[in-house]
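Shown below is the structure under consideration.
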Amino acid sequence: MGYAEVSVNSPVAQRRTFSYSIPADLSIEVGQAVWVPFGDKILQGIILELTDYPAVEETKEIAGIIEPRPVLSSAHALLARWISQYYLSPLFDAVALMLPPGFERKVLTFICRPPTPHEPDLSSLTGEQRHVVELVWRQGKVGLRKLEKALGARQARLITSKLISCGLVVKSYELEGVKVKPKWVAYLRLKIEAGEARQEAARLRQQRAIKQASLLEFLAQARQPIPLSEARKKTNCSTPVVQAVISKGLVELQPVEVKREPISYQGIAPSTPPPLTNAQKSAWQAIKASLLQAANSKAPPNVFLLHGVTGSGKTEIYLQALAEAVRLGKRGIVLVPEISLTPQTIERFASRFPHKVAVLHSKLSLGEQFDEWQRIRNGEFDVVIGPRSAIFAPQPELGLIVIDEEHEWTYKQHDKSPRYQARDVAIKLAELTGAVVILGSATPDVETFYHAQRGDYRLLQLPERVVPDEGSPLPQVEVVDLRDELKAGNMSIFSRSLSQATAKAVANMEQVILFLNRRGGATFIQCRSCGFVLRCKRCEVTLTYHFAEDVLVCHQCNYRMPVPQTCPRCLSRRIKFLGTGTQKLEREASYSFPQARLLRWDSDVTRGRYSHGEILNKFRSHQADILIGTQMVAKGLDLPLVTLVGVVNADTSLNLPDFRAGERTFQLLSQVLGRAGRGSLGGKVIIQTYSPGHYAIQTAAKHDYALFYDTEINYRRQLHNPPFSRLACLVYSHTNDALCQREAEKMKHRLSQEIESRGIDDLSVIGPAPAFIHKLRGRFRWQLILRGSEPSAFLSQIPVPQGWTIDVDPIGLA
Ligand code: ADP
Ligand code: ZN
Ligand code: ZN
């Protein structure tokens, strides 16, 4: 007899599997969904491993199979375990990422007639017991709920267990009603030949049944079943008319299952690949060779970093790599940072691989997701495109994973368990499946580039745009020193330069983007005269201003200081300058440029399914002159009428209390720069800042990634930040702030003791400090940061009490 290790859908299961024995009559496979007894319940479980010996002495038996076909591949089963171990998340949370949409449902218990009943001996039973047996035998099965309602919960349980022990009834389990069902649509179908139908129609016309006649003629002409609603609309006939032709036996209703297809292929013409440029060719050769070797299992597959500016032809490489993978009998997954912002990318895949592109999308209805999942698992698509969760698509024969804009923070799931980084999950999945990985970016994550430099990944470069713009290939950049503006008496948030350029562009009927890279709530105190920002002396991060207490706080070490009256650097009294939000910017722009039509684009404005597209279309069709927005406007948009991009305050991201602030600023500015000057009109970028000398701004303005990287990686090394260490962020939350702090201090003490007693010398605990978002939905939050080479492995051995959440490899601010 064999055993199975099962991930059980219960909050108490945590990171473990449970051993179950396999009944002789069940054939069990890895990845199958099964019923298992757990405590006094029956729960869903997923088989992760088959073993000869159980991990514990006494095991219960698997109660049944939910669906014979495995829902997880064996690679996914291993991946789920890895995610749970590495990100310290409950195992079933990791498994759930990979289950078909709508899979998690309640379990219903039934009392049934046994499959091979022998003549019942009812003599020893009470009247009530006999009554239940008779009911069950008569009906075949009765819901336990129903018995409990009729007899009371306790009595029902007593009776059924007695009857089960006598072998008179058995238990069985079913999932509650399906939340997602295939969608059926009624079609009208002729039951007679088309010719006959026409004759019939003529007869009906003579009888003045004009509507019935025209319906028949319509169906005869269509030569195929037509959706009922369409037929009714086209022939303008009512329900009684349809009923009449049905009752005459001329037409019938036919249910047809419709596959909801989220991509509309209308207007997408099939296309063929262009010949590659020389730069593309050399990148392509390396990828092609790796795909071939991986497909023949000759060599482990590679992870490639494809580094190239926007427009350098990266997407073309993805397309050709996918075509090659398909030729080799493989399939692909393509991750994009945010699906609603990448319609052009999806269209390009759809035109190169018509009807072979699946799109996974959290804004699809559950029904659409369910359909796509099933069809993907059936191998109907060459490629699945989606946001980070698409990495878990059940794509069979996975041969290629592409992560476009690999540096984007949206690849990290930070707000719920498992707090995974899709890029690292992808690399793990590739290791398990033998797929080749392409990470693409114009501004690679410093950690990714470091791995490429070390040779962990293979670096491929596309240094130039495929179609260089006439004249200057990249936009002209002007960095404006805001300190000079104030000295010159300009109190506006627009420098003289930006203000003039904006007015000129609007007068020329060109378009302008005003960009504010502000993240909600990040508030720092800046000297308006010299731009000085207060930093923590210990941690180097910016101090954050807390309104309520009127103090400055370090969100790493909890260092606190009052807001100084004068600037420590220039002694100016204009120290308390808090920056600008998009709404304020919109207001100021309407005063400064009264002739211009303004359009604001930020997450407050875009909530619905289409609003990104709507705003974009409005701007593209020149219904507005100035677009005001946050990060979003920096994403991959081609807007030929835009000749000017103004970065209103580059310091907002520079002063985030986070060691990645410089990197973030460089990425955002580079993206913004990539937006400008894509049309024939050319373009200009104006960056306003109090820190014109900062390396992130300097290198972004010069389009110099290499110099940025060299500077940044040195800081990382000096301060022992990733990639020279790994971090884990532990957050404790509670409605009582003081209790939170005490709990965090207790934890710090525990962790420090463990570190010491185990003699681990490269692990340190930073904090506790209030989390950057100190209060969230009525709960206070305090954090500890663990820094070292293996914080996750260390934490996995320490029981972490309730109330704590752990984020391994955190990104951004907790
Ligand atoms: P990226 O993904 O790096 O932004 P793209 O692949 O989108 O670059 O290429 C930029 C533009 O150049 C696109 O319009 C694309 O169709 C075109 N392009 C890419 N490769 C070639 C090629 N080999 N020949 C002609 N045009 C190309
Ligand atoms: Zn100052
Ligand atoms: Zn500090």
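The values are calculated or read from the model by the stated rules, or taken from the named source; none is laboratory data. On a predicted model such as this, the values are computed, not experimentally measured, just so you know. All Cβ positions, even for glycine, are placed from backbone atoms using ideal geometry, and neighbour counts span all protein chains on display. The protein model used for the area step is the full one, side chains on, heavy atoms only, and it has no ligands, DNA or RNA in it. Shrake-Rupley method; radii C 1.70, N 1.55, O 1.52, S 1.80 Å.
Out of all the residues in the stretch 578-595, which are in contact with a Lys or Arg (Cβ under 8 Å, 6 or more places away or on another chain) and either modelled with pLDDT of 80 or more or crowded, with 16+ Cβ neighbours inside 10 Å (or both)?
Within the stretch 578-595, Gly579, Thr580, Gly581, Thr582, Glu586 meet the criteria.
Of all the residues that make up the stretch 273-300, how many are more than 30 Å from Leu669 (Cβ to Cβ), in contact (Cβ under 8 Å) with a residue 60 or more places away in the chain and open to solvent by 40 Å² or more (accessible area, probe 1.4 Å)?
Total meeting the criteria: 3.
Check the stretch 14-24 and report whether any residue there is under 31 Å from the mean Cα position of the chain (by Cα), among the aromatic types (Phe, Trp, Tyr), open to solvent by 50 Å² or more (accessible area, probe 1.4 Å) and farther than 30 Å from Arg138 by Cα. Spell out how you get there, then give the answer.
Step one: of the stretch 14-24, the residues under 31 Å from the mean Cα position of the chain (by Cα) are 14-18.
Narrowing the set further to residues that are among the aromatic types (Phe, Trp, Tyr) leaves 18.
After this cut, where a residue has to be open to solvent by 50 Å² or more (accessible area, probe 1.4 Å) as well, the list is none.
There is no residue in the stretch 14-24 that is under 31 Å from the mean Cα position of the chain (by Cα), among the aromatic types (Phe, Trp, Tyr), open to solvent by 50 Å² or more (accessible area, probe 1.4 Å) and farther than 30 Å from Arg138 by Cα.
Now a separate question. Going through the stretch 420-433 one residue at a time, which ones are buried (at least 23 other Cβ atoms within 10 Å of the Cβ) and either within 16 Å of ligand 2 (Cβ to nearest atom) or not in a helix (DSSP H, G or I) (or both)?
Tyr420
In the set Ile47, Ile62, Ile28, which member is within 29 Å of the chain's Cα centre (by Cα) and over 18 Å from Ser417 (Cβ atoms)? Full working, then the answer.
On the way: Ile62 fails: within 29 Å of the chain's Cα centre (by Cα); Ile28 fails: within 29 Å of the chain's Cα centre (by Cα).
Residue meeting the stated conditions: Ile47.
Here is a yes/no grid of residues against (1) under 20 Å from Arg781 (Cα atoms); (2) in contact (Cβ under 8 Å) with a residue 60 or more places away in the chain; (3) open to solvent by 30 Å² or more (accessible area, probe 1.4 Å); (4) away from ligand 1 (no atom under 16 Å from the Cβ):
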site: Gly531; (1), (2), (3), (4): no, yes, no, yes
site: Leu543; (1), (2), (3), (4): yes, yes, no, yes
site: Phe547; (1), (2), (3), (4): yes, no, yes, yes
site: Pro562; (1), (2), (3), (4): no, no, yes, yes
site: Thr566; (1), (2), (3), (4): no, no, yes, yes
site: Leu571; (1), (2), (3), (4): no, no, yes, yes
site: Ile575; (1), (2), (3), (4): no, no, no, yes
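Evaluate the following for Val136: is it open to solvent by less than 30 Å² (accessible area, probe 1.4 Å) and out of contact with any helix residue (DSSP H, G or I) (no Cβ under 7 Å at 6 or more places or on another chain)?
Values: open to solvent by less than 30 Å² (accessible area, probe 1.4 Å): yes; out of contact with any helix residue (DSSP H, G or I) (no Cβ under 7 Å at 6 or more places or on another chain): yes.
Yes, satisfied.
Which count do you get for residues in the stretch 523-555 that are in a loop (DSSP other than H, G, I, E, B), within 16 Å of ligand 3 (Cβ to nearest atom) and either of a type in the set (S, T, N, Q) or closer than 23 Å to Ile785 by Cβ (or both)? Before the answer, list the steps.
To start, the set of residues in the stretch 523-555 that are in a loop (DSSP other than H, G, I, E, B) comprises 523-525, 527-532, 534, 536-541, 543, 547-550, 554-555.
In the following step, the residues that additionally are within 16 Å of ligand 3 (Cβ to nearest atom) were identified as 524-525, 534, 536-541, 543, 554-555.
Those still in the list that are either of a type in the set (S, T, N, Q) or closer than 23 Å to Ile785 by Cβ (or both) too: 524, 534, 536-541, 543, 554-555.
So the count comes out to 11.
If you don't mind, there's one more thing I want to ask. Taking the stretch 546-557 only, how many residues are more than 16 Å from ligand 2 (Cβ to nearest atom) and farther than 16 Å from Phe659 by Cα?
First pass over the stretch 546-557, keeping only residues more than 16 Å from ligand 2 (Cβ to nearest atom): 546-551, 553-557.
Narrowing further to those that are farther than 16 Å from Phe659 by Cα: 546-551.
Number of matching residues: 6.
Let me ask another. Is it the case, given these coordinates, that Pro37 is out of contact with any helix residue (DSSP H, G or I) (no Cβ under 9 Å at 6 or more places or on another chain) and modelled with pLDDT of 90 or more? First the steps, then the outcome.
Working: out of contact with any helix residue (DSSP H, G or I) (no Cβ under 9 Å at 6 or more places or on another chain): yes; modelled with pLDDT of 90 or more: yes.
For Pro37, the condition - out of contact with any helix residue (DSSP H, G or I) (no Cβ under 9 Å at 6 or more places or on another chain) and modelled with pLDDT of 90 or more - is met.
In addition: For the stretch 77-115, which positions are among the hydroxyl-bearing types (Ser, Thr, Tyr), surrounded by 19 or more Cβ atoms within 10 Å (Cβ to Cβ) and either at pLDDT below 90 or in a loop (DSSP other than H, G, I, E, B) (or both)?
Residues of the stretch 77-115 that are among the hydroxyl-bearing types (Ser, Thr, Tyr), as a first pass: 84, 86-87, 89, 109.
Within this subset, residues satisfying the condition of being surrounded by 19 or more Cβ atoms within 10 Å (Cβ to Cβ) are 84, 86-87, 89.
The answer is Tyr87, Ser89.
Can you spot a residue in the stretch 301-309 that is modelled with pLDDT of 95 or more and farther than 30 Å from Tyr705 by Cα?
Step one: list which residues in the stretch 301-309 are modelled with pLDDT of 95 or more, which gives 303-307.
From the residues that got through so far, the ones that are farther than 30 Å from Tyr705 by Cα too are none.
Scanning the stretch 301-309 turns up no residue that is modelled with pLDDT of 95 or more and farther than 30 Å from Tyr705 by Cα.
Name the single residue that is nearest to Gly31 (Cα to Cα) among those in the stretch 53-76 being open to solvent by less than 50 Å² (accessible area, probe 1.4 Å) and of a type in the set (Val, Ile, Thr).
Val71
Inspect the stretch 223-236 for any residue being basic (Lys, Arg) and part of a loop (DSSP other than H, G, I, E, B) and give the result as yes or no.
Filtering the stretch 223-236 for residues basic (Lys, Arg) gives 223, 232-234.
Next cut, part of a loop (DSSP other than H, G, I, E, B) only: 223.
So far as the stretch 223-236 goes, yes, one or more of its residues are basic (Lys, Arg) and part of a loop (DSSP other than H, G, I, E, B).
To keep it simple, each residue is scored yes or no on (1) part of a loop (DSSP other than H, G, I, E, B); (2) within 20 Å of Arg742 (Cα to Cα); (3) touching a residue at least 12 places away in the same chain (Cβ under 8 Å).
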site	(1), (2), (3)
Ala771	no, yes, yes
His774	no, yes, yes
Trp782	no, yes, yes
Ile785	no, yes, yes
Ala793	no, no, no
Pro799	yes, yes, no
Ile806	no, yes, yes
Gly812	yes, no, yes
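Taking the stated definitions as given, is Ser757 open to solvent by 30 Å² or more (accessible area, probe 1.4 Å) and within 20 Å of Cys539 (Cα to Cα)? Walk me through how you get there before you give the answer.
Details: open to solvent by 30 Å² or more (accessible area, probe 1.4 Å): yes; within 20 Å of Cys539 (Cα to Cα): no.
No; evaluated as a whole, the condition is false for this residue.
Moving on to the next point. Do the conditions hold for Arg331, that is, is it more than 20 Å from the chain's Cα centre (by Cα), modelled with pLDDT under 95 and either within 20 Å of Thr272 (Cα to Cα) or hydrophobic (A, V, I, L, M, F, W, C) (or both)?
Values: more than 20 Å from the chain's Cα centre (by Cα): yes; modelled with pLDDT under 95: no; either within 20 Å of Thr272 (Cα to Cα) or hydrophobic (A, V, I, L, M, F, W, C) (or both): yes.
Considered against the rule, which asks whether it is more than 20 Å from the chain's Cα centre (by Cα), modelled with pLDDT under 95 and either within 20 Å of Thr272 (Cα to Cα) or hydrophobic (A, V, I, L, M, F, W, C) (or both), Arg331 comes out as no.
How do the strands (runs of 3 or more DSSP E) wholly within the stretch 8-76 filter down when requiring 1 or more residues that are closer than 19 Å to Pro101 by Cα: which remain? Walk me through how you get there before you give the answer.
Details: elements: 18-21, 33-38, 41-51, 64-67.
Strands (runs of 3 or more DSSP E) meeting the threshold: 33-38, 41-51, 64-67.
Answer with yes or no whether Arg600 is of a type in the set (Lys, Arg), open to solvent by 80 Å² or more (accessible area, probe 1.4 Å) and either away from ligand 2 (no atom under 16 Å from the Cβ) or modelled with pLDDT of 85 or more (or both). First the steps, then the outcome.
Details: of a type in the set (Lys, Arg): yes; open to solvent by 80 Å² or more (accessible area, probe 1.4 Å): no; either away from ligand 2 (no atom under 16 Å from the Cβ) or modelled with pLDDT of 85 or more (or both): yes.
Spelling it out, it is not the case that Arg600 is of a type in the set (Lys, Arg), open to solvent by 80 Å² or more (accessible area, probe 1.4 Å) and either away from ligand 2 (no atom under 16 Å from the Cβ) or modelled with pLDDT of 85 or more (or both).
May I pose another question? Return the residues of the stretch 105-149 that are basic (Lys, Arg) and more than 15 Å from Tyr173 (Cα to Cα); say none if nothing qualifies. Spell out the reasoning first.
Filtering the stretch 105-149 down to residues basic (Lys, Arg) leaves 105-106, 113, 130, 138, 141, 145-146, 149.
Those that are basic (Lys, Arg) and more than 15 Å from Tyr173 (Cα to Cα): Arg130, Arg138, Lys149.
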